[in-house]
Structures are given as structure tokens and as C-alpha cells.
1. Compare K124, K281 by solvent-accessible area with a 1.4 Å probe and give them largest first, with all protein chains kept in place.
2. Efficiency by 1/(1 + (r/R0)^6): what FRET value for E29 and D292, r their Cβ-Cβ distance, R0 = 35 Å, to the nearest 0.05?
3. Enter the angle in degrees (range 0 to 90, nearest 10) between the Cα long axis of helix 148-159 and the first principal axis of the Cα atoms of the chain, meaning the one along which they spread out most.
4. Please list 161-169, 72-80 highest first by mean number of surrounding beta-carbon atoms within 10 Å per residue.
5. When ranked by the protection proxy of mean other Cβ atoms within 10 Å per residue, highest first, what sequence do the peptides 268-274, 255-261, 144-150 form?
6. Rolling a 1.4 angstrom probe over the protein heavy atoms, how many square angstrom per residue are accessible across the chain?
7. Please compute the modelled spin-label separation between S87 and E133, points set 7 Å along Cα→Cβ, answer in nm with one decimal.
8. Return the carbon/sulfur percentage of the accessible area of the chain, one whole number, probe 1.4 Å, all protein chains in place.
Amino acid sequence: MDDFEIDDSLVRSLVREQHPDLAGLDVREVSGGWDNQLWRLGEELAVRMPRTARAPALLRKEHQWLPTLAPRLPLPVPTPLRMGEPSARFPRPWTIARWVPGEPADRAPISDEGAADILAGFLKALHVKAPAEAPDSPDRGVPLKRLTDGVEKTLEEVASEGVSADVLQQVRDVWDEAVAAPEWEGPPVWLHGDFHPANVVVSDGTLSGVIDFGDICAGDPAVDVSAAWVLLPAGAAARFFDAYAQADEAMIRRARGLAAMKCIFLIRMGRAGERGLPGGKPWGPAGRAGLDRVLAAIQEPGDSG
């Protein structure tokens with residue numbers, strides 16, 4: 001984070017200067033966000049203002065690729081509509097996108113098992129072969145062996161933060177099984193890359209939208225399939241895999257390992273939030289619930305749920 005203050009007055013002035021036809025719309029801040037601060041602009045639009053060093057590149061990547069993908073996705077997504085350019089008033093690019101209604105799942109967890117079918121349908125639509133010029137990522141959709149050093153470091157750090165030795169050993173076992181699974185041999189497919197409860201929205205207990213495509217890239221779909229445990233209620237993963245119908249046992253094993261580590265990340269952000277540390281988020285309960293689902297799923301060999 002930098003020290004540049006972003007407030008309602010700044011957002012209003014930027015919209016007025018660069019998109020005057022929208023200047024009459026109400027502006028109101030929305031809590032949450034990681035790389036970007038978010039404002040509602042009227043009822044149907046949102047303004048995303050970058051607040052981390054990496055955020056401008058992520059916004060431009062979304063602006064380039066998401067309008068092409070959005071029309072064939074079966075859930076609402078924050079399609080970028082306009083780009084705000086750096087200026088003397090604000091030195092970074094920013095975007096105006098479609099507002100996706102609903103409550104983030106870190107505040108209103110998915111409770112309807114039917115969300116498994118919705119998530120599967122969304123990922124089947126997204127997971128198509130990406131063009132050669134699609135962006136890649138150093139840590140999303142890549143062979144898991146590349147991530148092992150970072151995973152071990154994270155688990156060592158978590159051990160000092162109060163996570164029990166028994167749970168950590170189970171997570172290591174899940175990760176080792178994931179790394180030992182055969183790698184993805186298909187073509188790189190389009191990925192969201194960062195499914196977790198703050199990046200989807202919920203209405204009436206079920207999945208109703210997917211947001212924050214800043215990590216969009218091409219690679220192994222296991223990184224998105226891990227959402228079966230990270231997002232869905234207990235017992236719904238098996239229904240997801242039946243509906244998705246594109247995951248073999250190797251993908252399921254890779255996805256479990258990635259889900260376990262995503263949940264560890266959520267737990268760590270939750271601990272930081274409880275301590276009032278920078279970057280902390282109220283994600284601990286979601287992380288712990290997701291990790292419980294991951295560990296329960298491995299009690300019997302071959303059980304994907």
C-alpha cells in the first residue's frame with residue numbers, strides 16, 4: 001500500500017474530468033478490496049482505484065481480456081467498460097466496470113449445495129483453450145513442484161502462529177500428494193486464478209457472481225477447481241465434480257493441495273486482521289471452514305467430496 005489518499009472527492013473529480021457523461025451518478029465507497037479500492041457509481045457501475053504497486057498492471061490485464069471472455073460466462077462478472085488514465089490528480093490508471101450485485105462470500109458464505117452446479121457451469125465455460133498470447137503467471141496454473149519451497153516456508157511460519165502440529169502435518173500430506181500427482185498435460189486454459197470467498201458474491205445462499213479477475217491467466221485448471229472446497233458447503237464437492245465432469249483423479253489431487261494452501265492463506269490473513277496488522281482481513285472463519293472440508297475429503301482414498 002502507498003500513502004496516496006483516495007476518497008469520495010477524488011473519485012468524483014476523476015469521473016467528472018475524464019468521463020463527464022457519468023458525473024451525475026452517485027459515488028459511494030464499498031468496503032473490502034485488496035489491490036483496489038472500490039466505489040459504487042450509480043446503481044450499475046463501479047470505480048476501481050489501485051492502491052498497490054501491482055494493481056495498475058492487473059487492471060489493464062482485466063481491461064484487455066475480460067470483455068472478450070465475459071459474454072460467454074454464465075454468471076455476472078465486473079466487465080471493464082472504461083479506462084481512467086493517469087493524471088496530475090491521480091498518477092495511476094483506474095477503471096469503470098459493471099457492478100456485480102450480491103454479498104461477498106466472506107461475509108455471507110454459500111449455503112446452498114446447488115451452488116456446486118453453478119460453479120461447475122461457470123468453470124466449464126471459462127476453462128477453454130487460451131490463445132498463445134494469453135497472460136501466464138509465475139504461481140497460478142503452474143506445475144506444483146515450482147511452488148513447494150514457498151509452501152514449506154509458509155507452513156513453517158504458520159507453525160509459529162498457533163496452527164496445530166497435527167493439522168499442519170495433514171496439510172503437508174495433502175500437498176505432497178498433490179505434488180506427486182501427474183501434471184496437467186492439456187493445453188493451457190483460461191483461469192480466474194484466485195477463487196476465494198472475497199472474490200465471489202452470493203445471493204439467497206448461492207453463488208451469483210464472480211469478481212476480481214486481476215490474476216486472470218492461462219494454465220492448469222486445478223487452481224480454479226480447488227474452489228470446490230474453498231467456497232462450497234460441506235459435502236458439495238462431489239456434486240461439483242460430477243457436474244464439472246472434466247477432472248480426473250490427478251486434477252482432484254492437485255486441486256486439494258491448492259485448496260489447502262489457499263485456506264492457510266485465508267487463515268493467516270484472518271490472524272493478521274485479529275491483530276490489527278496491515279493487510280489483515282476477516283477471512284479466518286472462511287479459511288478454517290474450508291480447511292476442514294479439504295481434510296475431511298481425504299479420509300477415504302479417491303473420495304473427491
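The values are calculated or read from the model by the stated rules, or taken from the named source; none is laboratory data. Here the structure is a predicted model, which means the values were calculated and not measured. We place every Cβ from the backbone using ideal geometry, glycine too, and count neighbours over all the protein chains shown. Remember, those area values only see protein heavy atoms, side chains included, never the ligands or the DNA or RNA. Shrake-Rupley method; radii C 1.70, N 1.55, O 1.52, S 1.80 Å.
1. Largest accessible area first, the list is K124, K281.
2. Efficiency computed from Cβ-Cβ geometry: 0.55.
3. The answer is roughly 90 degrees.
4. Values: 161-169: 11.9, 72-80: 18.1.
Per-residue mean Cβ counts within 10 Å order the peptides as 72-80, 161-169.
5. Packing order, densest peptide first, comes out as 255-261, 268-274, 144-150.
6. 44 Å²
7. 3.0 nm
8. Working: 6840 of 13490 Å².
It is 51 percent, rounded to a whole number.
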